[in-house]
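The structure under discussion appears below in the form of structure tokens.
The values are calculated or read from the model by the stated rules, or taken from the named source; none is laboratory data. If you're wondering where the values come from, they're calculated on a predicted model, not measured in any experiment. Cβ coordinates were reconstructed from backbone atoms using ideal geometry, including for glycine residues, and neighbour counts include every protein chain displayed. Quick note on the areas: whole protein, heavy atoms, side chains included, nothing else; ligands and nucleic acids left out. Shrake-Rupley method; radii C 1.70, N 1.55, O 1.52, S 1.80 Å.
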Amino acid sequence: MKPAPFVRHVPRTLDEALGLLSQLAGQEGRILAGGQSLVPIMAFRLAKPAHLIDINEVAGLDRLESDGKALSIGARVRHGAFHKLAVDNPLGALLTFVARHIAHYPIRMRGTFCGSLAHADPASEWCLTAATLDATMVAKSSRGTREIAARDFFEGIMSTALAEDELLAEVRLPLLAPDAKFGFNEFSRRAGDFAMASSLVTYRIVGGKMTDTRVGVGGAEAAPRRITEAEATLNGQTPNDAAFREAARVASDALDPLEDHQTNAEYRRDLVRAVVRRALENSLP
Amino acid sequence: MGQPTKMTASKQKFVGRSVARLEDRPLLLGQGRFAADISFPGQWHMRVVRSPVAHGKLLGIDASAALALPGVHAVWTYKDVAHIPPIPFRLTGLVELEPYRQFILANDTVRYVGEPVAVIFATDQYIAEDAAEMVELNIETLPPILDASGDTGPFDAERATEPSIIRKSFGDVDSAFKAAHDVVSLELSVGRHSGVPMETRGAIARYDEARDILEMHGAAKVPWWNRDHIAQMIGRTRTNMHLLEGHVGGGFGIRGEIYPEDVLVCAAALVFKKPIKWIEDRREHLISANHSRQQQHRIRAAIDADGHILAIDDEFFHDNGAYMRTHAATVPDLAAAMLPGPYRVPAYRAVGHIRLTNKTPCGTYRAPGRYESTFIRERLMDAIAAKVGVDGVEIRRRNLIAKAEMPYDLHLDTLGTHIVYDSGDYALLLDKTLALAGWPELQASLKKRRAAGELLGAGVAMFVEKSGLGPSDTVRVDIMSDGKVEVVTGVASIGQGVETAMAQIAADALGVDYASINVVHGQTDRIDTGAGAFASRVTVMCGEATRLASVKLRDKALKLAAELMQTDAASLDIVNGEIVRTGRIGSSMTLAELAQAWPGELTATDTFLSSHMVYPYGVHVCAVKVDADTGAVAIERYAIGYDVGKAVNPRLVESQIAGGFAQGLGGALLEEFVYDENGEPLSVTFADYLMPTSREVPPVSILVTEDAPSPLNPMGLKGAGEGGTNPVGAAIASAIDDALQQPGAITDLPISPQRLKALCQKN
Ligand SMILES: Cc1cc2nc3c(=O)[nH]c(=O)nc-3n(C[C@H](O)[C@H](O)[C@H](O)COP(=O)(O)OP(=O)(O)OC[C@H]3O[C@@H](n4cnc5c(N)ncnc54)[C@H](O)[C@@H]3O)c2cc1C
């Protein structure tokens, strides 16, 4: 449980960090953010980075602010920052609700939002959030800055579109409409465990009918994503039990479920049906 | 001698009261000393290189790269320890099992993932781990054996997969089945899980050349037996070797047995003349410390028309992993011996196949053998109830052994003792526990909510535990020159509150405050013999020895005081640490004054002998809600009734039950050591081996009763360590069956949500 030898670099500025990253990425250099995923796998020696570029002292990366259109979340913003409302918008309440389901309190006080996205565990709540809300990822390297749409960002289990010399400097989550509703649900065998299936939904009600519906599913496939088939069944419906059940069924049928020793494909679909329906039910006042 | 005092305070009594734990202060102040806290100057760290394959021929080990790493002092393989015999059996050591004992390092064959094949000695843990990774193992992989219930065959060139069969029986089973009105048959299994203490194992050995004394710190559970046998293995004697226990972060049966690492640090400290420290990491713990529980049973009951049991016939397969460790046949033996439980069983036969597989070797875990066989028996009782068409409570009532039948000879032996239930009123405890659970109202409310579509159910499980294993315990009690009392025991503290309980008993017998008593445990240099802490034995055996020695010391103290106070001993008493005259007039004297007047005299030693165990018993009642969409189980109510004869400290007993319950729950719903088809363990972190956390453990109502004091010791004591764990799998399974309205649906533990979801589909 002791990691292999490594050198820790502690840059103070973004330029310094990006410089180190471009220099060391090819020599098994990795970014260290909250360390809540990286340090355990180093302790198990499943990862043996020769260099850690610790971004915890980099100025400016702790930015958490809204420009009225989107909430910008810097690379040093911890899960725990969302224990209180980050923005006066339904998005703030959504993030607070979701954050409670991530791991346990001490882990939330260190782990970062951007670190979760870079790590790209298929069951990560923040990855689901980013995919469902069509977040924009701001990747920086000494080569420059590029923006990546959420649907292009997640490429598979723990694999993203980030190049090895790129830092995920910031994530932008679009604000929700002021009347937007949201619901979230996940299933795990114990509180705080990674979800075996999770779902986040948002929509508005216009003239009694659901509109702008987003249905995201996480933990069930290699990466979380919006299930447009399920969204289509809901748009134009009044929110009701039958519609929710039908959307849940459609979502679970649309999947290519992950399997592991405690979850076969059929059971994964069962769980997706349950979490989508419950997320929709939770969204009702 | 003190001034005449007016004594108004009456003599304080401590036994039977929930006084605060004496052991908490250092723990709460962060002053605990666990194995990892112990360090010696110049120590070397040991790291174990473990087999990465389940079964294979070990053709060669190349440690040259590791040895070349700066900071690495030495690497040992089998040839360095070939003179050390395999680890001996502590309990139930059948002769035919001896060829299956484990050597401290593998020789030419590896038999489970995690088996020690080499050890590194280095200046620090980091270098030791770096070096361990550089050791190249040349292993020719062989097909692993992973199923314990298939055909028997060779385990390797010299050994078979079935080293022994446990057989226990009484009565005429075959005739009973011929005459039976009906027969109920079940196939059931319990999953592989184990005690997972918060503190992993650790051992620090230090050789003091000047005094020729070898010490091992990090001991737990059975330090004296381990001292004697490690000494024998490495060519020392019980007089020049000591085992010393610090704080212990949980025992549960698995911690404190002799493992390869304990012997390795001791042998290395002697060879290198350096302190050697080994602290286990969590992954190592989950693949190398004893596993437990994995059994498959095929059981049948012959019954009459009313569901009375006429005979039980059980055949089972016990998966012991790759070696027979210190417990040898203990777990399957206890499973077979305790299976009949609280019911009248006129004829009984158990055939237990001990099987070897290429998995981590097994030993005891809290309620060993009984968690398993209670699950089997109580599933059988529920099946009989379903067959006859009565409810689970009624079928149990019909079959319970009556109070008038006590003491009840079970006609079976285990752990070298003959099983005679010493006392018990099982029906009374059933009534009390049902009342505690609010059974009639519970049934009514379940009915109402079921009608509204919820999947709800309730179940009951009953059991008899065993405790107080002899044969003897010796205790020395001293009054020190400052008037404080020291109780030196041969037991160990695994967190259960032994210091408090022994202090309470000694305080009452002597007439002093329990908080003025220092209880010494787990130090082989303080008392010559000791049986240690297992089998819920400490309060019964050591408790009575403590009382005997304290009474003896009181008599002695009064006799010596009588000479000084010029009176006779019969007119003196000890009250709150002071020697006073009965009637409490005239001069008194403190124990400190007496001890100073008679230096070295105020000491007494006594021994309690017992050839029979004592049998506490209990009832668990459980109500669950099953989530039909996900297969999740929520425990809505859980009530436990347990009779311990006499509770020295009721709160300690309740804590034992509450903690034990959490472990029973883990085995029922969450914890399992899973292997893939190559024998690769999949449950090697706390992300995969699911321990219940405070969020998963529901509140439990606990009723401790004293309706059946043991007639086998004067205080009526019975042990309390395992009743919280024993029937949890059984009670939850019964409640889930009821919720699904599918009698007999639950056949295997742990009950996974995936399996339960599939069962819900059938509704
Ligand atoms: C017991 C436990 C339970 C957990 N349960 C959950 C859970 O239920 N849900 C959940 O979502 N998570 C869970 N986690 C993971 C936790 O949320 C992590 O904090 C998170 O996954 C990673 O964030 P981090 O800041 O700790 O990243 P680190 O561990 O520091 O890094 C993770 C990886 O991302 C890379 N990285 C980090 N930041 C950046 C960046 N800005 N740009 C580029 N690459 C970067 C690192 O190089 C590394 O490869 C759990 C963790 C533990 C220990």
Failed item, numbered, when residue A:226 is tested on (1) surrounded by 15 or more Cβ atoms within 10 Å (Cβ to Cβ); (2) within 11 Å of chain B (Cβ to nearest Cβ):
(2)
Subset of the range A:196-212 [in contact with a Phe, Trp or Tyr (Cβ under 7 Å, 6 or more places away or on another chain) and open to solvent by 10 Å² or more (accessible area, probe 1.4 Å)]:
A:196, A:211, A:212
Restricting attention to the range B:695-733, and to residues there that are more than 16 Å from residue B:536 (Cα to Cα) and among the acidic types (Asp, Glu), which single residue is nearest to the other protein chains (Cβ to nearest Cβ)?
B:696
Is it the case that the range B:667-675 has a residue that's in contact with a Ser or Thr (Cβ under 9 Å, 6 or more places away or on another chain), away from chain A (no Cβ under 11 Å), assigned to a helix (DSSP H, G or I) and open to solvent by less than 20 Å² (accessible area, probe 1.4 Å)?
yes
Sort through B:672, B:654, B:680 and tell me the only one that's at pLDDT 95 or above and over 20 Å from the mean Cα position of the chain (by Cα).
B:680
Among A:215, A:250, which is part of a strand (DSSP E or B), surrounded by 14 or more Cβ atoms within 10 Å (Cβ to Cβ) and away from every other protein chain (no Cβ under 14 Å)?
A:215
May I ask you to list pairs of residues, at least six apart or on different chains, whose Cβ atoms are under 7 Å apart, with the first in the range A:254-267 being within 12 Å of chain B (Cβ to nearest Cβ) and the second being acidic (Asp, Glu) and part of a loop (DSSP other than H, G, I, E, B)?
A:265/A:259
Selected residue (criterion: nearest to the other protein chains (Cβ to nearest Cβ)) from residues of the range A:165-188 that are within 13 Å of the ligand (Cβ to nearest atom) and under 19 Å from residue A:281 (Cα atoms):
A:187
Selected residue [more than 21 Å from residue B:133 (Cβ to Cβ) and either away from every other protein chain (no Cβ under 14 Å) or assigned to a loop (DSSP other than H, G, I, E, B) (or both)] from A:24, A:46, A:52:
A:24
Failed condition for residue A:110, given (1) open to solvent by 20 Å² or more (accessible area, probe 1.4 Å); (2) away from the ligand (no atom under 11 Å from the Cβ), with all others met?
(2)
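Here are some residues: A:55, A:31, A:41. Which one is farther than 17 Å from residue A:158 by Cβ and within 12 Å of the ligand (Cβ to nearest atom)?
Result of the check over A:55, A:31, A:41: A:55.
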So residue B:22, is it more than 25 Å from residue B:138 (Cβ to Cβ) and modelled with pLDDT of 95 or more
yes
Log entry, pairs with first residue in the range A:189-204 being free of Cβ contacts under 8 Å to residues at least 60 places away in the same chain and more than 8 Å from chain B (Cβ to nearest Cβ), second being of a type outside the set (S, T, N, Q) and open to solvent by 10 Å² or more (accessible area, probe 1.4 Å), beta carbons closer than 6 Å, six or more apart or on different chains, reads A:204/A:177; A:204/A:179; A:204/A:180; A:204/A:212
Return the pair list, or none, for Cβ contacts closer than 8 Å from residues in the range B:726-738 that are closer than 15 Å to residue B:636 by Cα to residues that are assigned to a helix (DSSP H, G or I) and of a type in the set (Ser, Thr, Tyr), at least 6 apart or on different chains.
B:728/B:371
Among the numbered criteria (1) touching a strand residue (DSSP E or B) at 6+ places or on another chain (Cβ under 7 Å); (2) on the phi > 0 side of the Ramachandran plot; (3) surrounded by fewer than 17 Cβ atoms within 10 Å (Cβ to Cβ), which one does residue B:415 miss?
(1)
Considering only the range B:725-744, how many residues are outside any helix (DSSP H, G or I) and open to solvent by 10 Å² or more (accessible area, probe 1.4 Å)?
4
Does the range A:39-61 contain any residue that is within 19 Å of the chain's Cα centre (by Cα) and within 25 Å of residue A:125 (Cβ to Cβ)?
yes
Selection count, the range A:113-151, where residues are part of a helix (DSSP H, G or I), more than 9 Å from the ligand (Cβ to nearest atom) and either aliphatic (A, V, I, L, M) or within 14 Å of chain B (Cβ to nearest Cβ) (or both):
3
